[in-house]
1. Amide H of GLU71: which non-local residues (sequence gap of 5 or more, or other chain) have their own amide H closer than 5 Å, using H built in the peptide plane?
2. Write out the trypsin sites (Lys or Arg not before Pro) in segment 94-200 meeting two conditions: DSSP loop, and at most 15 other Cβ atoms within 10 Å of their Cβ.
3. Normalise the Cα radius of gyration of segment 171-254 by 2.2 N^0.38 Å (N = residues in it) and let me know the number.
4. By how many nm would the segment from THR253 to THR18 grow when fully extended, if each residue of separation counts as 0.36 nm and the alpha-carbon distance is taken off?
5. Choose one answer from ALA31, ALA139, ALA184: the residue with the largest mean-square fluctuation in a GNM of the chain with alpha-carbon springs under 10 Å.
6. In square angstrom, what is the accessible area per residue of the chain with a 1.4 angstrom probe?
7. Below 21 Å Cα-Cα, how many Lys pairs turn up in segment 1-155? Only count pairs eight or more apart in sequence, or on different chains, if you could.
8. Give me the extension gain from MET1 to GLU172: residue separation times 0.36 nm, minus the current Cα-Cα distance, reported in nm with one decimal.
Amino acid sequence: MKLSKVEDGKSPSHLHRTLALEMVRVTERAAIAAAEWRGKGNEKAADDAAVAAMKDELDRVSISGRIVIGEGEEFECDNLFIGQPVGAGQGAEVDIAVDPLEGVTLCAKNQPDSIVVLAMAERGGLLNVARNVYMHKIAIGAAYAPETVHIEWSATENVRALAKAKGVPISEITAIVLDRPRHAGLLEELRTAGVSVKLLSDGDIAGVIHAVNTEDTGVDIYLGSGGAPEGVLAAAALRCIGGHMQGKLILDTPDKRHRAREMGITDPNRIYALEELAAGDVLFSATGVTDGSLVEGVKLRRGSVETSTVVMRSWSQTTRWIRARHAR
Ligand code: VTB
Ligand code: MG
Ligand code: MG
């Protein structure tokens, strides 16, 4: 069998492939740190532990990195704030988006699906969004034409079009949606259409990924709104594994619109295609904190700690699942 893409050293600009393994180290470290706080009911302590470990490990990597999606603004957090330089320097100039503990509540309650997430791109590759901004998102698998669904259509129109493209009745379509009061109308519409809905309590990065991995998950479409940072991180993953996604920022206050303008967003109503959320060569790494549907959680063993990570690279379209045993 021939591989479609093999590193030849001659192809145009892309992130160096060794960075993929470096990012695995970063998300592993943060996951191990957060795992100590599983089930302790202390979201802040869990988040802080993940942030500190992630920053520390990032600073060991030979990159000139810059956080473009982080924990918040410089004045509101000590580490991994938007604009913070990271890395040991003397390396590629890269942009980094992080969610050091996606699903903090899940971690604090020791429930499934809390993960550490990081994406990296060449300078300017990731849409810059503030931590407090939400995004309307829609995602479907690569088996469909991208124009099968549209973020501006109603949920009914989208699931109808999807069912037609798939050649099944609407009752055989499964949508994944964050379980939030703001989605009451959407849920009602999906129920009326007869769609099976998988409700997520948290964690819509994994939710979007599940929507494109239909064969493994049985999920056909992601619908609804969630964090904008999580939207860009999910887009980075989709650039590596395939699938279609559109995003639209919810800039519903003058403050958010102002901050977005500062970050280069001139049209607040723009609909972003996948390649506009995450452009060029991107890497994505996620390590499980609690056991989950994407990766397993951190396992504490006598004398060692085991981590499970999924790491992806868009240039080569490679996905690796890395189980690592660390001494402790
Ligand atoms: C999502 C999800 C997160 O927040 O983006 C969601 O991925 C956004 O909605 O895990 P809410 O602010 O209403 O929760 C989380 O659930 C928590 O950060
Ligand atoms: Mg977070
Ligand atoms: Mg999050």
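The values are calculated or read from the model by the stated rules, or taken from the named source; none is laboratory data. For clarity, every value in this text was computed on a predicted model and none was experimentally measured. A quick note on method: Cβ atoms are made from the backbone with ideal geometry, for glycine too, and the neighbour counts reach across all protein chains shown. Calculation scope for accessible area: heavy atoms of the full protein, side chains included, ligands and nucleic acids excluded. Shrake-Rupley method; radii C 1.70, N 1.55, O 1.52, S 1.80 Å.
1. Counting only residues 5 or more places away or on other chains, the set is PHE81, ILE82.
2. On the way: sites: LYS109, ARG123, ARG131, LYS137, ARG160, LYS164, LYS166, ARG182, ARG191, LYS198; in loops: LYS109, ARG123, ARG131.
Filter output for segment 94-200: ARG123.
3. Relative to the 2.2 N^0.38 Å estimate, segment 171-254 comes out at 1.08.
4. Between THR253 and THR18, full extension yields 80.5 nm more.
5. Sorting by GNM fluctuation, first place goes to ALA184.
6. 45
7. Summing the qualifying lysine pairs gives 4.
8. Numbers: separation 171, 0.36 × 171 = 61.56 nm, distance 3.53 nm.
Contour length minus Cα-Cα distance gives 58.0 nm.
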